[in-house]
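Take a look at the structure below.
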Amino acid sequence: MRRREMNKIICVDCGNGDEVPFKPDEDRPVYCKECFQKHRTSPQNTKRVLDLESELETLKVEFEKSKKDYSYLYADFDNYKKLKEQDLLNAKMKSRIDVIKHLIELYEDINRVVKNSKDFENLSESIETVILKLEQIFKFESVEPIEVKTGEKFDPSLHRVVEEISTDDYGDNIICKEIKKGYKISGNVFQFSEVAVSQSESNTKEENVNVRN
């Protein structure tokens, strides 16, 4: 076993020399063995130890109480979170049911119109009424169609190209016609407009030549 290195010191109480198994610190008093025992068992130090032990016990009690309070708080928060998630699911379901109720009403109207209409004119008027109801539902749900104009520039944030038309009447990537209408809800696109865009005939011919080569 390696022998501990001893360091010589001068006791600050009695002035006698001694050796200690640590390196003395100039900022702390150092005692010989005899004086150290006196200080260790002094009434002042004993009281300090008892005070520290009492403080430690108090801290332990407070810690256990805080831990228990935290567990209660966490349980309350977890229950609150579950209730909010359930409320959100219920709200979504209610919204879906409300929309479906409107659509069922329209479905029944269309069936009733088809069964009871005996001439095209009455059928046409009845269908227009159904379309008006649908437009009212769209407005209530903040749904609006995307306006597409022939001759305007293709916008990838609003449109999807499903057809290219070779023509020199427009520049490249100009909308020639709308194939399927797009829609927004609360200003956000959820169905893109499907459009046909122009490609100049000269570019189309060059592409065909490159393909053949």
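Bear in mind that the values in this text are calculations on the coordinates, not laboratory data. Keep in mind the model is a prediction, meaning the values are calculated, not measured. Don't worry about glycine lacking a Cβ; one is built from the backbone with ideal geometry, like all the others, and counts go over all protein chains shown.
The table that follows gives values for the structure above.
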{"quantity": "Partners for Lys60 among lysines (Cα-Cα distance below 19 Å; same-chain residues under 8 apart left out)", "calculated": "Lys68"}
{"quantity": "Extension gain (nm, one decimal) between Ile165 and Glu85, 0.36 nm per residue minus Cα-Cα", "calculated": "23.8 nm"}
{"quantity": "Ascending count of other beta-carbon atoms within 10 Å, so fewest first, for Leu123, Leu52", "calculated": "Leu52, Leu123"}
{"quantity": "Paramagnetic label zone (point 7 Å from Cα along Cα-to-C-beta, His39; backbone N under 12 Å) in the range 6-28", "calculated": "10-15, 25-28"}
{"quantity": "Added length on full extension, which subtracts the Cα-Cα distance from 0.36 nm per residue, Ser95 to Lys180", "calculated": "27.9 nm"}
{"quantity": "Computed E for Glu55/Val12 - FRET, C-beta separation, R0 22 angstrom, nearest 0.05", "calculated": "0.15"}
